[in-house]
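Structure, as structure tokens:
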Amino acid sequence: QGHAHFSLQNYYRRTVEYFCKRINECLQEIKCWMVKNSMKLNDDKTEVLIIGKPLVLRRFDLTISIQFGGDVIKPTPCKGDSWKSLGVKLDEALNMERQINWVKQKCSWTMMNLRTIGCYLDQEVKLMLVKQLVISKIDYCNALYMNVTKTRLKKLTSVLNNGIRFIYNIHDRSENLLPYYKRAHILPIKDRVFFKICLLCYKIVNDMAPQYLKELITMYTPGGSSRSTRTWPLDDNLKMVIPKMSKTLAGDRRFTNYAPVAWNSLPLEIRSITQMDAFKAKLKNRLYLSMEDSFSLL
């Protein structure tokens, strides 16, 4: 996957044709590299996706056409099964609405099938099936849901609630589900996203993450002179430097902004754990204890 970024500030200085030319040069370099390594790049399967703020996409004509080999590549419309990457449905504003709606649809279909055989299953089997067939779909690439609006997260929360009601045969829609979440050892969707991000941060700190993730994070150096680190303890070298926060909602959803805040919110006794299994157990226990606050935010 290749990415070309341009803002409104340089939109008038550099025409769309310039970016088409740069993208075409990049594709040619990729094709040459693949040929040298005995691989083939399918020209007819290459797609162009235009992603941006809704206001920008409406205001400006971003129609482009790229000549690549013997094919002319035009932007792929965002509909149906298009705009999928590793099983995740993208959208023009990267607000994850298509992916969340798709996950909810698949989970609802699975829950409908489970209800037809629910009378033949005991509680333990129900819990196993919900975790394996429903929650696994919600957890897939759920790090992309960081700082997604509450309206969209509520769709996934409703899926989890239906799973809890199915497991424990709860028919009263007004009954508090918090005790059942704790009993089933299932975290709410917001905590599940937080857990995934903190786990990625743990891998970065302990040199277990891929290089492209490590490059996004800067670790705190004791004795630093930056304003954001002056009040931090000198003996705590497991904190991440928080970059200058963006004033836009899209900026708050960047991994470089969200991950350091999430990681630094953990106490040092959890961040300093060296065994991954122990770290996950401690973090989950902390999230279970604070689960009541997560429910109050829904």
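Observations
- Accessible surface of VAL261 - all protein chains present, 1.4 Å probe, nearest 10 Å²: 70
- Extension gain, ASP44 to LEU213, is 57.8 nm, computed as 0.36 nm per intervening residue step minus the present C-alpha separation.
- Over 28 Å between alpha carbons, listed pairs LYS53/LYS282; LYS214/LYS244; LYS106/LYS239; LYS104/LYS126; LYS196/LYS239: LYS53/LYS282; LYS106/LYS239
- Counting 0.36 nm for each residue step from GLU175 to GLN105 and taking away their Cα separation leaves a gain of 22.8 nm.
- For region 75-146, trypsin sites (Lys or Arg not before Pro) meeting the loop criterion (DSSP other than H, G, I, E, B) and having at most 13 other Cβ atoms within 10 Å: LYS79.
- Put a dot 7 Å past the Cα of MET34, heading toward its Cβ, do the same for ALA278, and the two dots end up 4.6 nm apart.
- Accessible area in square angstrom per residue, region 37-135, 1.4 angstrom probe: 63
The values are calculated or read from the model by the stated rules, or taken from the named source; none is laboratory data. Fair warning: this is a prediction, and the values are worked out from it, not measured in the lab. Counting neighbours? That spans all protein chains shown, and the Cβs are built from the backbone with ideal geometry, glycine included. For accessibility, only protein heavy atoms count, side chains too; no ligands or nucleic acids. Shrake-Rupley method; radii C 1.70, N 1.55, O 1.52, S 1.80 Å.
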